[in-house]
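**Student:** So that we are looking at the same thing, I have put the structure below in structure tokens.
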Amino acid sequence: MTQPARHAPLVLALGLVALALVFLVLGVCIGSTGWQAWTDMARDPVAWQIVWDIRLPRSAGAWGAGALLGLCGAVAQGLFRNPLADPYLLGSAAGASLGVCVALALLGVSPASLEWLAQIGLTGAAFLGATGAVFLTLVLARGVQHTLRLLLAGVVVGVVLGAASSLILLMQPQLLQAMQGFLLGSTAFVGWGACLLMLAVWCLCTLAAWLFSPVLDGLALGESTALSLGLPLAPMRLGLILVLALASGTAVAQTGLIAFVGLAAPHLVRSLVRAKHAWLLLLSSLMGGVLLMAADLLARALIAPQELPVGVLTAVLGGGYLLWLMHRQSAALAGEAT
Amino acid sequence: MSRSAHALRAQGVSARLGGVQVLHPLDLQLEPGRWTSIVGPNGAGKSTLLKVLAGLLPHQGSVSLGGRALSQWPARERARTVAWLGQGESVVDDLSVLDLVMLGRLPHQPWLGKPDAQDLAVVEKYLRQTQAWEWRNRSVGALSGGERQRVLLARALSVEADILLMDEPLANLDPPHQADWLQMVRGLRERGTTVVSVLHEISMALQADALVVMAQGRITHHGACADPQSHRALEQVFDQRITIHTVQDQWVAIPTPSTITNPL
């Protein structure tokens, strides 16, 4: 028996890694001083600083956040058997927003406190908010046994925490501008520390998700059939939700709310190769990294020397792409069926 | 296919769904190597009983497999022994037919292991048996209801379990493929597989060795399909709205129209 395109996942993985390296080089070259910083970095300490301390961690950070979101998207879509599931499904985005909002409100918005927050507390507050929201979702859903209950609890937590953030912003409108950077998503302030943190979380989460991947394969047949195949659904579902919480919480804490990367990456991979989740998780993650790097490059280049918020760009491009993909797949399925 | 004599037995089994008692305490013993059909009107508890027998639903009472409580079987060993085909299984559309059927081999593969030559041979065998081999590279979403049902059947068969539990396996199948299914079940039985099927096609159900008749969460009759008492129990449970006749040495259930005047 022959299996067509048996090496396609490996080829795609290598292609995505190569593309990420190309984007990394491009990311180093793009900025207010253009290619010059890249060519002068050997002899000019300022150019070196621009490349090493600003551009390189920014591009690497874009890959890290995108890879975490892509992984989350693949986990969420497999776990909830829903192609529209995204990394923020269990309330992590609303939780992170509320975390940042509360931190800003508590500490005020004076320049000194903002600086302190940016260096010490803002990402921590976002992470606590994101993971706290997922925990609240689990409590409201009374565990991980019932998928529908989890989804509903996630929606409720998202709406309620979103409303709480809005209320704080209504009472303290001066926070709006400070919140804007977080809500629109940005990779501009990612440093090496954040990169290393995201890399460590990515390694941990990818390994865990890969270990649990047979459960996601089995769930493609429905819960009863997955159980009948001897898959330990309950503990592994909890493990996958923890992966979702940790990875999405880390990404959102470092780069703010970046839309569509987590949703689009698994769809893109599935449109290119058919693979089991052991591959799909890794490929979606690599695809997410490449997508966010590409969006970050565009955000920096489109209206240079100014920048667009990367989250706005991912929303516009990702949404448009998904619509196109949906149209193309409908046409392909219709053709396959006839 | 290796076959061992595992008898499936339910003792004092009952179940509630959403606060409603859908199964009242019942006992049932299914002999190994026989085909048993479970029949009854809608809402009789047939699918619930089958899920309980498969160990897929919380219940009171005990279900044992080969004299050992089902809950004490290691999950993967149980999965290799009892295969399940659910009613109207919803499958993620972008899976290929081959990948879907290969999932039936999960209990035989090491965790995160790749399918070996035997897995591939088994999958090919059942895809050919269900005449689905030609679409092995198509996505499930592109299949018709009947084609999808044949693929799902191939998935359940590829487990190669001693016991095969099927809930409405004939749904969406056209008459020729229903006949193929019947032949396939007879072949399984000859090889010693215990087959339990919930069926709404009474004439097909009457081809089994034994008949379990259910109504309102209870077993009202359990006997051989050849037994006239089983036929009477069937007619009774459907309020005499079917009659069992013999056509060319086979029992056939013929529905009778309602006495209620159709307002149209």
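The values are calculated or read from the model by the stated rules, or taken from the named source; none is laboratory data. Keep in mind that this is a model prediction, so the values were computed, not measured. We place every Cβ from the backbone using ideal geometry, glycine too, and count neighbours over all the protein chains shown.
**Student:** Which one of these is over 16 Å from the mean Cα position of the chain (by Cα), hydrophobic (A, V, I, L, M, F, W, C) and in a loop (DSSP other than H, G, I, E, B): B:VAL63, B:VAL92?
**Tutor:** After ruling out the rest, the residue left standing is B:VAL92.
**Student:** Considering each of A:LEU292, A:LEU216 in turn, give the residue that is aliphatic (A, V, I, L, M) and within 14 Å of chain B (Cβ to nearest Cβ).
**Tutor:** None of the others qualify; the one that does is A:LEU216.
**Student:** Could you list, in sequence order, the residues of segment B:13-48 that are away from chain A (no Cβ under 14 Å) and not in a strand (DSSP E or B)?
**Tutor:** Across segment B:13-48, the qualifying residues are B:GLY19, B:GLU31, B:PRO32, B:GLY33, B:ARG34, B:GLY40, B:PRO41, B:ASN42, B:GLY43, B:ALA44, B:GLY45, B:LYS46.
**Student:** When you scan segment B:104-112, do you find a residue that is of a type outside the set (Gly, Ala, Ser), more than 8 Å from every other protein chain (Cβ to nearest Cβ) and in contact with a strand residue (DSSP E or B) (Cβ under 8 Å, 6 or more places away or on another chain), even just one?
**Tutor:** No: zero hits.
Conditions tested, residue by residue: (1) polar (S, T, N, Q); (2) assigned to a helix (DSSP H, G or I); (3) without any contact (Cβ under 8 Å) to a residue 60 or more places away in the chain; (4) out of contact with any Pro (no Cβ under 9 Å at 6 or more places or on another chain).
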site	(1), (2), (3), (4)
A:ILE168	no, yes, no, yes
A:MET179	no, yes, no, yes
A:PHE189	no, no, no, yes
A:GLY193	no, yes, yes, no
A:LEU197	no, yes, yes, yes
A:THR206	yes, yes, no, yes
A:PRO214	no, yes, no, yes
A:GLY218	no, yes, yes, yes
A:ILE241	no, yes, no, yes
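**Student:** Follow-up question, since we're still on this one. Quick one: A:VAL201 ticks every box in (1) at pLDDT 90 or above; (2) of a type in the set (Val, Ile, Thr); (3) surrounded by 24 or more Cβ atoms within 10 Å (Cβ to Cβ); (4) farther than 21 Å from B:VAL91 by Cα except a single one, so which number is it?
**Tutor:** A:VAL201 satisfies every listed condition except (3).
**Student:** Name the residues in segment B:137-151 that are touching an Asp or Glu at 6+ places or on another chain (Cβ under 8 Å) and more than 8 Å from chain A (Cβ to nearest Cβ), would you?
**Tutor:** B:VAL140, B:GLY146
**Student:** Select from segment B:101-136 the residues that are farther than 22 Å from B:ALA161 by Cα and in contact with an Asp or Glu (Cβ under 9 Å, 6 or more places away or on another chain) and list them in ascending order.
**Tutor:** Correct list: B:TRP135, B:ARG136.
**Student:** Determine, yes or no, whether B:ARG34 is within 18 Å of the chain's Cα centre (by Cα) and surrounded by fewer than 21 Cβ atoms within 10 Å (Cβ to Cβ).
**Tutor:** yes
**Student:** Now for a separate question. So B:VAL213 fits all but one of (1) over 25 Å from B:GLU31 (Cβ atoms); (2) outside any helix (DSSP H, G or I); (3) not charged (D, E, K, R); what number is the exception?
**Tutor:** So B:VAL213 meets the others, but not (1).
**Student:** On to the next question. Inspect all residues belonging to segment B:188-197 and state whether any of them is without any contact (Cβ under 8 Å) to a residue 40 or more places away in the chain, closer than 30 Å to B:ALA226 by Cα and surrounded by fewer than 16 Cβ atoms within 10 Å (Cβ to Cβ).
**Tutor:** Looking through segment B:188-197, at least one residue is without any contact (Cβ under 8 Å) to a residue 40 or more places away in the chain, closer than 30 Å to B:ALA226 by Cα and surrounded by fewer than 16 Cβ atoms within 10 Å (Cβ to Cβ).
**Student:** Among the numbered criteria (1) crowded, with 19+ Cβ neighbours inside 10 Å; (2) modelled with pLDDT under 90; (3) away from chain A (no Cβ under 14 Å), which single criterion is violated by B:VAL91?
**Tutor:** Result: B:VAL91 fails condition (3) only.
**Student:** Out of the helices (runs of 4 or more DSSP H) lying entirely within segment A:244-338, which hold 3 or more residues that are crowded, with 16+ Cβ neighbours inside 10 Å and in contact with a strand residue (DSSP E or B) (Cβ under 7 Å, 6 or more places away or on another chain)?
**Tutor:** Qualifying helices (runs of 4 or more DSSP H): none found.
**Student:** Among the residues of segment B:173-200, which ones are of a type in the set (Ser, Thr, Tyr) and under 11 Å from the mean Cα position of the chain (by Cα)? Step through it out loud before you land on a result.
**Tutor:** Step one: of segment B:173-200, the residues of a type in the set (Ser, Thr, Tyr) are B:193-194, B:197.
Scanning segment B:173-200 gives B:THR194, B:SER197.
**Student:** Of the conditions (1) closer than 25 Å to B:SER96 by Cα; (2) assigned to a helix (DSSP H, G or I); (3) of a type in the set (Gly, Ala, Ser), A:GLY230 satisfies every one except a single condition; which number is it?
**Tutor:** Single failed check for A:GLY230: (2).
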